[in-house]
Amino acid sequence: MNAETRLGFFAGLAAYCIWGSLPLYIRLMQHIDAVDLLAHRVVWSVPTALIFIGLAANWRDVRAALNWDKLKWLIVSGLLIGANWGCYIWAVNAGRTMEASLGYYINPLVNVIFGMIFFSERLRPAQWGAVAIAAIGVAIMTIAFGRVPWVALFLCMTFACYSLIRKQVAIDSRAGFLMEVLLLAPLALGWLVWAAGQPGTNLFGDGGWDIALLMAAGPITSVPLILFALSARRLKLSTIGMMQYVGPTLQFLIAILVFREVFGWTHAAAFACIWTALAVFTVDSVMGEAKARRLARAARLG
């Protein structure tokens, strides 16, 4: 593992650990409306992103991001990640953290399929089997919920599409994130101004610590996204996909052990399918990479 790959690996791991712990922060702020909290996340991410840019002194990358060929994709990625944030905040406060974690469990396998479609990353039979097992898990969860788990599927697809775009756009992770939140900021500020004029509004919670925690939404939001974008430029999409189940595992444990969400036999069967799929895919990927290294070494010696 070279230095660039190692940096990408640890940056991605840190991002997923922060995301996995995010339900604790959202539940702590549940007395603030989900849309208001989303708006605060966007607004306070702007100064945080500017600080990161200033520390790195990479304003040249910000100017490069203003190129329309890049900016048009950053508009799309900004809208995708904003929709993802909003749905996730709502899901946690609606007692559906477990369903949200299911979405992020499925996401690695969707990333793998995207890698195959857009980057010609080939899947072996065992990997196709893993995707099929995961599909069975989603079907079981649909039966368990009595409805299509739309929260899981929405979170999964929005973040998979976001990952695809950020991997393709050749822009510094901090500059890209700054442009995304700047593009979302007018919508967020407009919402906060409108909400402030409504009766019974609770934009800043109870004041004091609530204000500090709302301001903390900036770094809590921006740091993992910047780390993720940094890793996405340095790792294969399939590698990113397999790392991602660190986050949903933490979310799942929080849902069960901290939030005490219902976890029955059908839920257990669905998650067992997802975990089995991830195990099959991971083992096959590791064995495949080991075989590729042996063949490459043999070719050099031959």
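Tabulated values for the structure
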| quantity | calculated |
| --- | --- |
| Filter result (charged (D, E, K, R) and closer than 16 Å to Ala39 by Cα) within segment 156-200 | Glu180 |
| Exclusive hit being out of contact with any strand residue (DSSP E or B) (no Cβ under 6 Å at 6 or more places or on another chain) and closer than 22 Å to Lys70 by Cβ, set Leu227, Leu257 | Leu227 |
| Residue satisfying condition, being buried (at least 18 other Cβ atoms within 10 Å of the Cβ) and in a helix (DSSP H, G or I), within set Ala126, Ala91, Ala139, Ala135 | Ala91 |
| Contacts under 6 angstrom Cβ, first residue in segment 47-69 being farther than 25 Å from Ala216 by Cβ, partner assigned to a helix (DSSP H, G or I), 6 or more apart | Asp61/Ala175; Ala65/Ala175; Ala65/Met179 |
| Any hit, segment 223-239, residues being in contact with a Leu (Cβ under 6 Å, 6 or more places away or on another chain), within 28 Å of Val181 (Cβ to Cβ) and of a type outside the set (S, T, N, Q) | no |
| Residue list for segment 94-111, filter: assigned to a loop (DSSP other than H, G, I, E, B) and either among the aliphatic types (A, V, I, L, M) or within 15 Å of the chain's Cα centre (by Cα) (or both) | Ala94 |
| Test result for Phe252, touching a residue at least 60 places away in the same chain (Cβ under 8 Å), over 14 Å from Ala15 (Cβ atoms) and touching a helix residue (DSSP H, G or I) at 6+ places or on another chain (Cβ under 6 Å) | yes |
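Bear in mind these aren't lab numbers, they're just calculated from the coordinates by the rules spelled out. Everything numeric in this text was worked out from a predicted model, so none of it was measured. No Cβ is skipped: glycine too gets one built from the backbone with ideal geometry, and neighbour counts run over all protein chains shown.
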